[in-house]
Each structure stands twice: as C-alpha cells, then as structure tokens.
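The structure under discussion appears below in the form of structure tokens.
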Amino acid sequence: MKNFIVLPILLAIGILTGCGKDSPPPSDPCQGVSITVTGSTSNPSGTSANGSISATASGGTGPYTYSLNGGPFQASGQFANLAAGAYTIVAKSAAGCTGNAIFTLTASDPCQGVSITVTGSTSNPSGTSANGSISATASGGTGPYTYSLNGGPFQASGQFANLAAGAYTIVAKSAAGCTGNAIFTLTATSPCAGVNIIITPTVTGTTPCVTASGSILVSATGGTAPYSYNLNNGPFQSTSTFQGLNNGTYQIGVKDANGCTATLTGVTVESRAEGPKFAAVKALVQANCVSCHSASNASGGMNLSTDCFIVSAKDRIKARAVDGNPSPMPSGGLLPASERQKITDWITAGGRVID
C-alpha cells in the first residue's frame with residue numbers, strides 16, 4: 001500500500017516543476033522586420049547601356065548587401081552600364097532579412113531638345129551639264145557629322161559634286177544619331193552669259209567670167225572651241241570655209257562648244273579686180289582686134305568686146321596673134337614680139353581676168 005501512494009506524489013511534483021516538457025523554438029530574427037529598398041535611376045540614352053540604379057535599403061540592421069536580377073550580392077547598391085528595362089534589386093540586412101524593389105529604366109531620346117541645322121553653299125551647273133556642286137555644313141549637335149544626299153548613303157564629307165540642275169535634300173546626322181536637313185536648289189546658268197563671240201571673215205571675191213568662184217573663210221574667238229559655222233541660216237558645219245559663192249551679201253553664224261551663237265551680217269562677196277597681165281592683153285585686143293570682132297561686127301563669129309569673150313577666146317587669140325596659126329592676126333601681120341609676149345605671159349599665168 002505504501003508504494004502505491006508515493007508514485008502519484010512524484011508525478012504531481014514532476015508536473016509542477018516542468019520536468020519532461022520540450023524547450024521552446026529559437027525566435028526568427030526577421031520576424032517583424034520589413035526591409036525597404038529605395039533608390040534613384042539614371043536612364044540610358046537611346047539604345048546605349050549607360051543607365052544606372054543607386055539603391056538604398058532601410059528597415060533592418062546593416063550593413064546591407066544588394067543583388068541585381070538574382071545576381072550575386074555586393075556591398076554597394078550602385079549598378080551601372082544598364083540598358084532600358086525593368087530591374088529587381090534585392091537588399092539583404094546583416095541578419096539576412098531581405099526586401100526588394102523594381103526599378104524601370106526608360107531609354108531617353110538623345111536628340112530631345114537637339115536641333116541640327118544644315119547650311120551650305122552651291123555652285124550652279126552650266127546649261128545641261130552636271131557640273132554643279134553643294135558644300136554642306138552641320139551644327140547644333142555633337143560631331144562628327146555624316147551627310148546623305150537625296151536618301152543616299154551617309155558619308156563623312158558634306159561635299160557633293162557632279163550635280164545637274166534640280167532640288168537636292170541633304171540630311172546631316174550627328175554622332176548621337178540626331179538628324180537635320182536642308183534643301184538646296186541648283187539652277188542651270190546660261191553658259192553663254194557674258195560670252196561675246198567675235199566673227200572675222202576673210203572674203204575671196206569671185207573671178208570674173210567664172211561662176212560661183214567666191215569664198216568666205218571664217219575665224220571665231222571669244223567662245224569655247226570647237227566652233228561650227230553656217231551661212232545664211234543654213235545647217236552648221238565643222239569646216240570654216242564656204243566656197244562656190246556668187247557675188248552677193250551673206251550672213252555668217254557661229255556656234256561654240258556650249259551652244260553659244262553669234263551672227264555677222266553684211267558680208268559681201270564681190271568680183272575681183274582685173275589683173276595687170278589681163279589688162280595689158282585687153283588693151284592690146286581693143287586696139288588691134290575689136291574693130292573686126294565686136295558685138296556688131298563679129299567677124300569669124302568672134303566678139304572680143306567684153307572681158308569674158310576675151311577669156312573664152314584666149315587659146316584662139318594665142319594661135320592667131322602669137323603663133324600665126326593658121327594665119328596671123330591682125331591681118332596686117334603678127335604683132336611685135338613684146339606685144340605677143342604679153343599674151344603669152346597672161347595665158348601662162350592662168351588666162352583669167354584676175355591674172
């Protein structure tokens with residue numbers, strides 16, 4: 001009986017003293033701790049990765065470490081070389097308590113507020129030639145600049161040559177990709193402005209009794225060679241001599257390599273004067289032959305009263321008056337040797353009025 005009474009007493013004592021009960025679990029160091037992450041951002045420009053985030057943690061016990069997008073933790077909350085996008089930064093306290101925040105970087109426009117101005121100078125083409133040029137210069141942004149003509153490829157120089165008349169758009173692009181443009185208009189200048197072509201003719205008159213025997217030789221200065229020439233508004237030709245002309249007044253036209261023209265009117269072709277040998281023979285014939293060989297008394301069918309008749313009959317005059325064949329002329333006998341020599345000399349020189 002005695003033993004049965006002691007056991008309940010011992011159990012009761014154990015309950016009162018806590019013997020046999022488990023120890024309470026350790027406390028959570030982050031319980032009730034709220035880590036707050038704040039910070040500032042610097043947005044990247046365009047597609048560049050030059051943005052940054054500066055993060056700061058609070059609400060726990062430092063020092064803090066920081067992780068970007070699940071990367072390794074680092075002592076600094078500074079993250080650089082970031083492109084546009086959303087980034088999660090986790091901050092961890094010395095006790096291992098964490099908090100996070102999302103930062104969004106937006107690409108800023110590097111050209112916002114930038115105005116690229118394009119200026120330049122032009123050199124107009126002459127006529128239909130493609131020899132104009134544009135020299136363009138850009139300002140208002142950050143160089144170096146590149147330049148494009150009418151949507152063509154960009155080039156380092158703002159010089160564009162070999163341009164015909166027309167409107168041209170030049171776009172200038174800065175180092176940051178900012179653009180500006182300007183329209184330049186090239187106007188064809190007259191290649192003949194200020195050009196004064198001087199025409200100098202050299203006239204060779206007609207030979208009496210010879211049809212279409214005159215000529216004009218033309219020389220031109222004051223334009224751009226080569227020249228072409230026309231007569232009386234006829235077609236232009238490359239040669240500068242017009243032959244086979246009769247007596248008359250002519251107009252000469254000259255055109256240079258650029259199409260510039262000039263005309264000279266009143267160029268007169270006249271008969272050439274009679275030559276001294278013919279004059280001597282003519283006087284001899286008039287003194288000895290015309291009495292029998294005139295328009296009214298054309299003995300033997302010969303009329304020696306005009307210059308052309310004398311020229312046309314020169315061979316017969318020589319035969320009769322010089323050679324005495326078939327009989328001498330004049331009828332009284334051959335002329336003196338000096339007179340006969342005049343006839344011979346004239347025929348030898350050409351037997352023309354101008355000889």
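The values are calculated or read from the model by the stated rules, or taken from the named source; none is laboratory data. What you are looking at is a predicted structure, and each value in this text was computed from that prediction instead of being measured. Every residue, glycine among them, receives a Cβ derived from its backbone with ideal geometry; neighbour counts consider all protein chains shown.
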Quiz item: Is it the case that the range 247-254 has a residue that's closer than 19 Å to Pro208 by Cα and of a type in the set (Val, Ile, Thr)?
Solution: yes
Quiz item: When the range 166-214 is examined, which residues are found to be assigned to a loop (DSSP other than H, G, I, E, B) and of a type in the set (A, V, I, L, M)?
Solution: Ala175, Ala176, Ala188, Ala193, Val195, Ile197, Val210, Ala212
Quiz prompt | Every pair of residues 6+ apart whose Cβ atoms lie under 7 Å, when the first sits in the range 130-142 and is closer than 16 Å to Ala167 by Cβ and of a type outside the set (Phe, Trp, Tyr) while the second is modelled with pLDDT under 95 and surrounded by 21 or more Cβ atoms within 10 Å (Cβ to Cβ) | solution = Gly132/Pro125
Exercise. Sort through Thr211, Thr202, Thr189 and tell me the only one that's modelled with pLDDT under 95 and out of contact with any Pro (no Cβ under 9 Å at 6 or more places or on another chain).
Key: Thr211
Practice problem: State which residue pairs qualify: first residue surrounded by 17 or more Cβ atoms within 10 Å (Cβ to Cβ) and inside the range 330-355, second residue of a type in the set (Gly, Ala, Ser) and not in a helix (DSSP H, G or I) in any location, beta carbons under 6 Å apart, and separation of 6 or more residues or different chains. | Solution: Ile354/Gly275; Asp355/Gly275
Quiz item: Hey, does the range 159-171 have a residue that's over 30 Å from Ala257 (Cβ atoms), polar (S, T, N, Q), modelled with pLDDT of 95 or more and in contact with a Ser or Thr (Cβ under 8 Å, 6 or more places away or on another chain)?
Solution: no
Quiz item: In the set Gly194, Gly244, which member is modelled with pLDDT of 95 or more, over 30 Å from Ser338 (Cβ atoms), small (Gly, Ala, Ser) and loosely packed, with under 13 Cβ neighbours inside 10 Å?
Solution: Gly244
Practice problem: Would you check if Thr65 is at pLDDT 95 or above, over 30 Å from Cys260 (Cα atoms) and surrounded by fewer than 15 Cβ atoms within 10 Å (Cβ to Cβ)? | Solution: no
Quiz item: Of the residues that sit in the range 331-355 and are assigned to a loop (DSSP other than H, G, I, E, B) and charged (D, E, K, R), which one is farthest from Val210 (Cα to Cα)?
Solution: Asp355
Exercise. Taking only the range 240-299 into account, find how many residues are within 30 Å of Thr200 (Cβ to Cβ) and of a type in the set (A, V, I, L, M, F, W, C).
Key: 11
Exercise. Mind listing just one residue for me: the one in the range 92-125 that is surrounded by fewer than 17 Cβ atoms within 10 Å (Cβ to Cβ) and part of a strand (DSSP E or B) and, of those, farthest from the chain's Cα centre (by Cα)?
Key: Asn100
